[in-house]
2 protein chains.
Amino acid sequence: MFDVTPRTLRYYEEVGLLQPERRGAQRLYTDRDRVRIQLILRGRRIGFSLPEIAEMLELYDADPTEITQLRDVLRRGDRKLAEIDQQIRELQAIREELLELRDRLQRTLDEKLKGRDLS
Amino acid sequence: MFDVTPRTLRYYEEVGLLQPERRGAQRLYTDRDRVRIQLILRGRRIGFSLPEIAEMLELYDADPTEITQLRDVLRRGDRKLAEIDQQIRELQAIREELLELRDRLQRTLDEKLKGRDLS
DNA sequence: CTGTAAATTTACGTGAACGTCAAATCCGGG
DNA sequence: CCCGGATTTGACGTTCACGTAAATTTACAG
């Protein structure tokens with residue numbers, strides 16, 4: 001369904017990212033599990049480690065009854081947001097550089113083509 | 001200087017990302033090397049593998065004399081750009097979700113505080 | 001109940017990206 | 001030239017995120 005092997009799902013369970021129900025010995029992945037799997041895979045695609053992803057998932061399923069706990073979750077969420085903003089900035093920096101490089105190459109290509117026309 | 005161990009630099013050299021000069025047996029890291037090191041580290045921070053980073057570095061130091069080669073480099077650069085744009089989009093998606101979550105938590109915190117005031 | 005296909009468990013293997021440690025080598029100062 | 005500290009060179013170890021193969025166990029049609 002998500003192009004993921006059973007081994008991977010069991011590993012995610014092993015490290016605490018998933019807790020599928022059991023019907024006897026078989027694992028039952030609920031909608032909640034499927035959502036979490038998608039979040040995990042997206043996190044992996046952008047290079048987060050499984051512990052980092054775990055931090056983010058904890059933000060989601062935390063049901064903080066205590067005000068101090070709630071403040072704590074908010075603080076951790078803000079830290080994560082700052083990290084992500086930083087990462088976006090780094091990606092945009094690389095993007096800018098690649099665009100510059102692209103323009104340079106494009107110009108030298110244009111020159112070479114013009115030179116060829118004149119010959 | 002960049003908070004990186006000698007072992008790491010030698011490993012990057014081993015896999016072809018760096019080619020520092022030698023004064024006798026000692027490695028001499030030039031400005032060019034230092035720039036490359038920064039690019040490598042930035043790539044690592046945002047989760048690129050060393051082979052992926054190698055691809056990008058090749059784009060920089062390619063000096064394509066042949067027009068076909070130049071077109072090829074341009075094409076590879078565009079592919080990389082597309083990947084990076086995709087990654088930025090995924091990060092922004094996560095960012096949006098975290099912001100939503102943050103707002104929800106903030107609101108329940110506000111309610112709890114209001115409830116406490118009234119008691 | 002029984003065979004068998006599927007799911008689980010257990011355990012070892014793997015590639016990437018370094019860490020770590022010892023041995024050898026180099027290199028500048030006296 | 002000699003020596004002590006720095007650098008280099010293997011070589012093996014480690015962690016993460018799974019892959020893989022074998023042995024069990026389970027589930028279910030007939």
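The values are calculated or read from the model by the stated rules, or taken from the named source; none is laboratory data. Note that the coordinates shown come from a computational prediction; the quantities given were computed from them, not determined experimentally. Neighbour counts run over all protein chains shown; Cβ positions are idealised from the backbone, glycine included.
For the reader, a short list of remarks on this structure follows.
- Single match in A:GLN106, A:GLN87 (criterion: without any contact (Cβ under 8 Å) to a residue 40 or more places away in the chain and surrounded by 12 or more Cβ atoms within 10 Å (Cβ to Cβ)): A:GLN106
- Scanning the range B:73-95 turns up no residue that is outside any helix (DSSP H, G or I) and over 30 Å from A:TYR60 (Cβ atoms).
- When we screen B:THR65, B:THR30 for residues that are free of Cβ contacts under 8 Å to residues at least 24 places away in the same chain, polar (S, T, N, Q), over 20 Å from A:LEU101 (Cβ atoms) and surrounded by fewer than 16 Cβ atoms within 10 Å (Cβ to Cβ), the only hit is B:THR30.
- The combined condition, being hydroxyl-bearing (Ser, Thr, Tyr), within 16 Å of DNA strand C (Cβ to nearest atom) and either free of Cβ contacts under 8 Å to residues at least 60 places away in the same chain or crowded, with 17+ Cβ neighbours inside 10 Å (or both), is not fulfilled by A:TYR60.
- Inside the range A:1-36, residues that are in a loop (DSSP other than H, G, I, E, B), near DNA strand D (Cβ under 8 Å from one of its atoms) and not hydrophobic (A, V, I, L, M, F, W, C) make up a count of 2.
- The set of residues in the range A:1-44 being within 14 Å of chain B (Cβ to nearest Cβ) and within 15 Å of DNA strand C (Cβ to nearest atom) consists of A:ARG44 alone.
- Residue among A:LEU70, A:LEU101, A:LEU81, A:LEU74 that alone is under 15 Å from B:LYS80 (Cα atoms), at the interface with another protein chain (Cβ under 7 Å from one of its Cβ atoms) and either touching a Gly at 6+ places or on another chain (Cβ under 6 Å) or of a type outside the set (Gly, Ala, Ser) (or both): A:LEU101
- Residue that is nearest to DNA strand C (Cβ to nearest atom) [pool: residues in the range A:45-54 that are modelled with pLDDT under 95 and surrounded by 14 or more Cβ atoms within 10 Å (Cβ to Cβ)]: A:GLY47
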